[in-house]
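Below is one structure, written out as structure tokens; the observations come after it.
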Amino acid sequence: MLQKKSLAGPYLVWMVAFIIAPLLIVGYFALTDAAGNFTLDNLTTIGRYSTVFARSLILAAIATVICLVLAFPVGYFLSRLRASKQHIMQMLVMLPMWMNFLLRTYAWMSLLEKNGIINRVLGLIGLGPFDMINTSGAVVLGMVYNYLPYMILPLYTAMTKIDHSIIEAAQDLGAGMGKIVTRVLIPMSVPGIATGITMVFVPAVSTFIISRMLGGGSNLLIGDLIELQFLGNSYNYNLGSAMSLVLMVIVLLCMSFTTDFGEEGVEGVV
Amino acid sequence: MDNNVIVSLKNIVVDFDDQIILNGLSLDIHDKEFVTFLGPSGCGKTTTLRVIGGFVEPKSGNVFFNGQDIAGLPPYKRQVNTVFQKYALFPHLNVFENVAFGLRLKKTEEREVRRRVLEMLEVVGLKGFERRNIATLSGGQQQRVAIARGLVNQPKVLLLDEPLGALDLKLRKEMQLELKRLQREMDITFVYVTHDQEEALTMSDTVVVMKDGLIQQIGSPEDIYNEPENAFVAEFIGESNILDGLMLRDFCVEFAGNEFACVDKGFARNQLVQVVVRPEDIKVVSPIQGQLTGLVREVIFKGVHFEMHVEQGGFEWIIHSTQASQPGEVIGMCIGPDEIHIMARTED
């Protein structure tokens with residue numbers, strides 16, 4: 001027994017050095033002021049930024065729902081393909097993820113700009129120009145675009161476990177397409193849905209690149225706020241730590257909500 | 001007879017990727033009958049079942065249900081239910097909800113759902129299992145749930161696709177009798193698919209022997225066994241000795257270098273025929289008494305009987321006998337007129 005435990009030793013050291021210690025440090029800064037005295041001011045100050053927190057949660061939630069709606073049929077479609085085709089399609093789903101995240105988001109900037117490609121094309125047929133960049137819609141679009149594969153893959157994995165004969169059995173018992181989706185496909189994909197929600201919502205709620213590049217100044221998210229505390233003008237790492245802590249609690253709450261279902265789904269994620 | 005036909009298939013053609021699976025199949029299934037499609041894998045028996053269930057759209061031909069053409073009607077609108085080969089139970093629902101699935105889709109009243117599901121679970125011997133998770137059930141129990149799930153909807157026809165394939169021998173025999181009992185009790189039509197000839201003979205009122213997408217013979221188990229229409233049926237339904245013969249005249253046939261009295265007539269004089277003799281129908285006697293004499297090559301103990309391989313005139317006979325001869329022994333063989341079955345010779 002002891003010998004087996006010792007195998008986990010290296011990771012234990014890693015965990016203490018790079019996970020537990022930093023957490024404690026963040027906790028320490030969050031509960032102290034610049035002079036190092038204990039205070040709850042940082043946490044109470046966050047109330048002032050509640051609109052930013054609310055915006056982050058709402059935009060991330062909208063993006064997650066859109067991802068779910070888009071990914072569900074795709075996941076089903078993929079899971080019904082022949083094994084050889086599944087591999088190719090799986091690659092195509094992941095292909096954008098091989099491109100640098102920053103580059104992908106820059107690309108959207110030039111697409112959505114006032115003089116961007118979309119507006120120019122629309123201009124040719126006499127439409128527009130539309131204000132697309134620097135809106136909350138653009139932020140949601142960026143989130144959906146970047147995190148969609150993280151929703152598709154766990155859904156697809158969960159659905160490959162649904163044997164075709166189970167769908168036929170439902171048809172046989174009188175279920176049309178709608179009932180098959182609500183009575184069989186959705187309940188049987190719950191582990192994948194839970195994993196997908198976690199994997200999209202968590203990065204979306206804490207992103208700062210997407211909102212900065214596509215949202216302009218008016219769509220600040222929690223991530224941007226935290227960044228400002230450490231790298232920006234307002235330089236206040238005590239407040240930044242407190243914000244990180246609150247964000248972490250939000251993420252943990254969200255995850256405790258989904259992991260009840262999600263255990264099975266995680267294993268299949270690439 | 002014709003007025004109680006419940007399912008009628010007319011000239012059904014099915015092909016997948018240019019490979020013909022069913023080649024103009026026509027068949028009438030009567031109400032309250034236990035019909036079995038029997039044949040080797042790839043003969044089209046499961047496809048025929050799926051055509052009736054609505055899962056396979058025939059390329060041409062008609063499917064009639066109670067006299068109405070139901071081609072193009074999707075499975076969920078057909079009055080048949082299916083028991084699938086791999087059970088296909090819903091893993092996210094418990095036993096009760098699995099069985100209730102069809103009733104709930106029809107918006108049956110909750111009290112009625114309860115009554116019918118519990119009643120059906122009792123019929124299949126799963127009383128008290130309502131709350132159980134599907135994954136905790138044995139193969140036989142899952143099979144019973146699948147059967148209950150179909151029957152609870154009171155279909156006119158229950159389709160069963162090799163439902164006992166995954167069970168062990170003892171359980172399979174038990175379930176065979178159970179299925180026969182259920183069919184009689186529910187008083188509906190069962191259409192059963194199997195490649196196991198013994199299973200087919202045990203349960204069926206009518207056996208449909210299939211090969212290469214074509215029906216070889218339709219008949220009662222006795223007919224199929226005793227009066228096979230061709231060498232394939234004779235070979236597939238139990239072991240048999242099949243020899244070329246010559247029909248000398250009515251009631252007299254020549255094979256294996258000897259003349260035999262038989263009960264068949266109506267063939268042309270000197271018509272080439274095939275003769276089928278079942279292994280258990282050959283009597284072993286002393287060499288002087290026998291119509292044929294042969295040399296015992298091999299003796300295998302099979303439990304109920306001995307299987308002997310006997311060489312005679314270049315043909316290897318299979319004989320089932322309760323008494324063993326010794327390998328190397330010369331024995332006499334007697335075949336009574338009733339034990340000889342004669343078929344027109346087919347090109348094969």
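The values are calculated or read from the model by the stated rules, or taken from the named source; none is laboratory data. These numbers come from a predicted model, not from an experiment. Here the Cβ is made from the backbone with ideal geometry for all residues, glycine too, and neighbour counts use every protein chain on show. With ligands, DNA and RNA removed, areas are computed over all heavy atoms of the protein, side chains included. Shrake-Rupley method; radii C 1.70, N 1.55, O 1.52, S 1.80 Å.
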B:Lys86: accessible area at probe 1.4 Å, nearest 10 Å²?
140
B:Asn4 paired with A:Leu252, simple spin-label distance in nm, labels 7 Å along Cα-to-beta-carbon:
7.3
Quick note, segment B:213-305: a/c under 1.5 would make it rounded; otherwise a/b > b/c is prolate and the rest oblate (a ≥ b ≥ c, C-alpha gyration tensor); here it is oblate
So, for chain A, what is the accessible surface per residue at a probe of 1.4 Å, expressed in square angstrom?
54
Tell me the per residue accessible area of chain B using a 1.4 Å probe; a whole number in Å² is fine.
47
Principal axis box of chain A, alpha-carbon based, largest edge first, Å:
73, 71, 32
Specify which residue in the list B:Gln68, A:Phe18, B:Phe55 is farthest towards the positive end of the charge dipole of the protein assembly as shown, using unit charges on the beta carbon of Lys, Arg (+1) and Asp, Glu (-1), about the Cα centre.
A:Phe18
So if we plug the beta-carbon distance of B:Lys59 and A:Arg80 into 1/(1 + (r/R0)^6) with R0 = 30 Å, what FRET efficiency do we get, rounded to 0.05?
0.85
Inter-label distance, nm, simple model (7 Å from Cα along the C-beta direction), A:Ile88/A:Leu43
5.7
Given a 1.4 angstrom probe, I'd like the percentage of the accessible area of chain A that is carbon and sulfur, rounded to a whole number.
72
Please list, in chain and number order, the residues 5+ apart from B:Arg297 or on another chain whose amide H is under 5 Å from its amide H, with Hs placed from the backbone.
B:His309, B:Val310, B:Glu311, B:Gly328
For segment B:239-344, what relative contact order do you get, as a whole percent, if you take Cα pairs closer than 8 Å and at least 6 residues apart?
31
Looking at segment B:44-131, which GluC sites (Glu not before Pro) are DSSP coil and have at most 15 other C-beta atoms within 10 Å of their C-beta?
B:Glu109
What number, rounded to the nearest 500 deg cm²/dmol, is the helix-based mean residue ellipticity at 222 nm of chain B, given -39500 (n - 2.57) per DSSP H run of at least four residues and division by all its residues?
-7000 deg cm²/dmol
Any idea what Rg and Dmax come out to for chain B if you just take the C-alpha atoms, in Å?
24.2, 78
Applying 1/(1 + (r/R0)^6) with R0 = 51 Å to the Cβ-Cβ distance of B:Asp168 and B:Phe315, what FRET efficiency is obtained, to the nearest 0.05?
0.85
Electrostatic dipole magnitude of chain A [Cβ: Lys, Arg +1; Asp, Glu -1; Cα centre; debye, to 20]
480
Could you please put A:Tyr147, A:Tyr49, A:Tyr11 in sequence from largest to smallest accessible area, using a 1.4 Å probe?
A:Tyr11, A:Tyr49, A:Tyr147
Tell me: how much accessible area in total is hidden between A and B, 1.4 Å probe, Å², nearest 100?
1700
When all alpha-carbon pairs of the protein assembly as shown are counted, what percent fall beyond 30 Å?
69
Determine the relative contact order of segment A:33-266: mean sequence separation of Cα pairs under 8 Å and six or more apart, normalised by residue count, in whole percent.
28
Determine the alpha carbon to alpha carbon distance for each of A:Lys161/B:Lys107; B:Lys10/B:Lys211; A:Lys85/B:Lys86 and list only those over 19 Å.
A:Lys161/B:Lys107; A:Lys85/B:Lys86
Taking Cα pairs under 8 Å and at least six residues apart, what relative contact order does segment A:40-139 come out at, in percent?
15
Mean-position separation - Cα centroids, segment B:297-348 and segment B:141-218, in angstrom
33
Based on the Cβ-Cβ distance from B:Lys283 to B:Ala344, what FRET efficiency comes out when R0 is 35 Å, to the nearest 0.05?
0.85
